[in-house]
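Reading through the structure tokens given below for one structure.
The values are calculated or read from the model by the stated rules, or taken from the named source; none is laboratory data. Computed from a predicted structure; not experimentally measured. Every residue, glycine among them, receives a Cβ derived from its backbone with ideal geometry; neighbour counts consider all protein chains shown. For the accessible areas, the whole protein counts, side chains as well, though only heavy atoms, and no ligand, DNA or RNA atoms are used. Shrake-Rupley method; radii C 1.70, N 1.55, O 1.52, S 1.80 Å.
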Amino acid sequence: MREHVGEIKETYTVQEVARLLKCSDQTVRKFIKGHTLHGVKVGRGWRISHDEVSRLTRLQG
């Protein structure tokens, strides 16, 4: 399934959040481990809600 430009997804992977925040995957995982960002473990990966990404961007200014 191809994602449209500007489309808002309900959940994101670590890699997608890293791209949105312009940081590394490792930084996003540190945010999750440090409870700065709430994620849900699905299999071997993490899923982060759109609301959490929005909340984090508001906190960072």
Requested in this report: Report, in deg cm²/dmol and to the nearest 500, the calculated mean residue ellipticity at 222 nm for the chain, where each DSSP H run with n ≥ 4 adds -39500 (n - 2.57) and the sum is divided by the residue count.
Outcome: -13000 deg cm²/dmol
Query raised in the report: Where the Cα atoms of the chain are projected onto their three principal axes, how long is each span, largest first, in whole Å?
Result: 32, 32, 19
Query raised in the report: What percent do you get for the relative contact order of the chain when only Cα pairs under 8 Å and 6+ apart count?
Result: 35
Report task. Compute the signed sum of charges (Lys and Arg +1, Asp and Glu -1) over the other residues within less than 9 Å, Cβ to Cβ, of HIS50. Result -> -2
Report task. Amide H neighbours of LEU37 under 5 Å, at least 5 residues apart or on other chains, H built in the peptide plane: list them. Result -> ILE32
Query raised in the report: Between VAL28, VAL14, VAL40, which gets the highest mean-square fluctuation from a Gaussian network model of the chain, Cα cutoff 10 Å?
Result: VAL40
Report summary line: the chain accessible area per residue, 1.4 Å probe, protein heavy atoms, integer Å², reads 80
Requested in this report: Pop out the carbon and sulfur fraction of the accessible area of the chain as a percent, whole number, probe 1.4 Å.
Outcome: 52
